[in-house]
Amino acid sequence: MLRKICRFVPIFISICLLSGCEIYSIEDVGIIQVAGYDYIDEEKTRGTISVPEYSRFEAGSTTGEKYYTATGEMLKEIHAKLQGMSSKPLIHGKVTVNLYNEELAENDISFLLDNLIRDATLGREIYLAVVDGSSKEMIEGNYSESERTARYIDGLIRNNIKENFPTTNLHQFLYAYSAEGMDGFLPLLEKKGDHVDIKGIAFFKNGRYVHSVPFSDSFLFKLMNENIKYGNRKVEYEGHDYIIENIGSKVKYHAIDGLENPKFRVEISLNGKLNETTRFKLPPDPQLLTKLENKLKKDLEEDCLNMVEEFQENNIDPLGFGNVLKSRVRGFDYNQWKQIYPSAEIEVDVNVEILESGISS
C-alpha cells in the first residue's frame, strides 16, 4: 500500500504545481521574437523588440508587428521600461534572434551575454548576430508582407548555414565565450533597402568584436571549422571558371609537440563534383579533373593558411587550436598559450577528389 501511495505523490505534486501556473492565450501576451541592442554611449544602451500582433478572430493568425524601444544602463532596466510600454505581459521565451550593432559589439557585449546565460526560459539554439548599422532599423524594416522580421532573419541565417556559412547559435557562442583556447564568432548582417545581407563573419575576443572576414570567405572558415555536406567553390583554370560543389568534407586537427613548441596540422578531405563552367563544353582532356583537383587543393591551402595567419595576427582563435592542445597536454597553461599562439606553426593540408563532372562534356 505504501508503495502505491509513493507512486501517486509525484503526480499529485505536479497537478498542484500546474494548477498554480497562469495560462495565457497568445492574444493576451506580447511574445518577443527578436531583440536588438544599440550603443548609445559608455553608460547607456538602446533596446528594441518586435512583438507580433495576433488576431482575436482567427486563431493563430497575425495582423502585423509592434515595436518597442527603451534606453537604459542595465539590461533589466531596459526590459522593465519595455514592459511599462506594453498593455500585455512581454514574454522572452520565444526569442529566435538577438542583434547587436557593431559599435556595441566593439565595446563589449559581456553584460548582455551574462543575462542570456542566466535566462533559463531562452532556448540555446537562438541566433545571435552583429549588425553593420542600427539593429533598431533592421528590426523595424519592412521585408515581406507574409513574413515577420524574426522569421525572416532566422530563415536567412539558417538557410546559409546549410550551405557556405559556418554553424552558429547561442549555445555554441557561449561555449566558445567561456572556454579556454577558443574564441567565438557570429554572423555580420547588413540592411540593404528591403532585404538583409550576411556581410561576413564577426570574430570575438571574449565579449568584444575585434575582426571580420567577408561572406565570400565564409566557406573557407566553415571548411576548417566543421564537417560539411554542402557548399561550393569557384576554381579559375586556364581562363575559365569552374564551380566545384562540395558533396562531403571532413576536417581533423593534429597537435604535434607540446606547449613549449606547438605545431598543428589541419587535415581536410573534400569530395566534390563539377556542376558549372563558363566553357560551352569541356575540353577533350582526360586529365582535366585531376588538374582541377590540384588547382583547388593549392587555392584552398593557400587561402585557408592566409585566414589562419589573420587570426594569429589579431590574436583570436576561433578554430580552437588552444582547445585542441588543452585536450592533449597535461597541465595546460592558458596564459602561456596566449603568448605562444600568435607565432605557433600551423599548416593546412587539403585532399580534393572530384567524383563526377555533373555536366555534359
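Values as computed for the structure displayed
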{"item": "Pairs of Cα atoms farther than 24 Å apart, the stretch 227-361, %", "result": "41"}
{"item": "Whichever aspartates and glutamates have a C-alpha closer than 14 Å to that of K192, once near sequence neighbours (fewer than 8 apart) are set aside", "result": "D132, E137, E140"}
{"item": "DSSP bridge pairs, the stretch 227-361: antiparallel proportion in percent, nearest 5", "result": "65"}
{"item": "Charged-residue dipole, Cβ positions (Lys, Arg, Asp, Glu), the stretch 24-216 about Cα centre, Debye nearest 20", "result": "420"}
{"item": "Cα gyration tensor shape of the stretch 24-216, rounded if a/c is under 1.5, else prolate or oblate by comparing a/b with b/c", "result": "prolate"}
{"item": "Rounded D (µm²/s) - the chain, Kirkwood Rh over Cα pairs, Stokes-Einstein at 25 °C, 0.890 mPa s", "result": "105"}
{"item": "Percent antiparallel among DSSP beta bridges (both partners in the chain, rounded to 5)", "result": "65"}
{"item": "Charge tally in the Cβ shell below 14 Å around E313, where Lys, Arg are +1 and Asp, Glu are -1, E313 excluded", "result": "-3"}
{"item": "Relative contact order computed over the stretch 190-297 (Cα-Cα under 8 Å; 6+ residues apart), in percent", "result": "18"}
{"item": "Structure-based [θ]222 nm, the chain - -39500 (n - 2.57) summed over DSSP H runs of at least 4, per residue, nearest 500", "result": "-9500 deg cm²/dmol"}
{"item": "Mean separation of Cα contacts under 8 Å (6+ apart) over length of the chain, as relative contact order %", "result": "13"}
{"item": "Lysines whose Cα lies under 30 Å from that of K295, excluding same-chain neighbours fewer than 8 positions away", "result": "K162, K199, K222, K229, K234, K250, K252, K263, K273, K281"}
{"item": "Mean Kyte hydropathy of 1.0 or more with a Cα span along the axis of at least 15 Å, helices from DSSP in the chain", "result": "2-19"}
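Read-outs throughout are calculated quantities, based only on the coordinates presented, and are distinct from any laboratory measurement. Worth saying up front: this structure is predicted, and the values here are computed from it rather than measured. With ideal geometry, Cβ positions are generated from the backbone for all residues, glycine too; neighbour counts draw on all protein chains shown.
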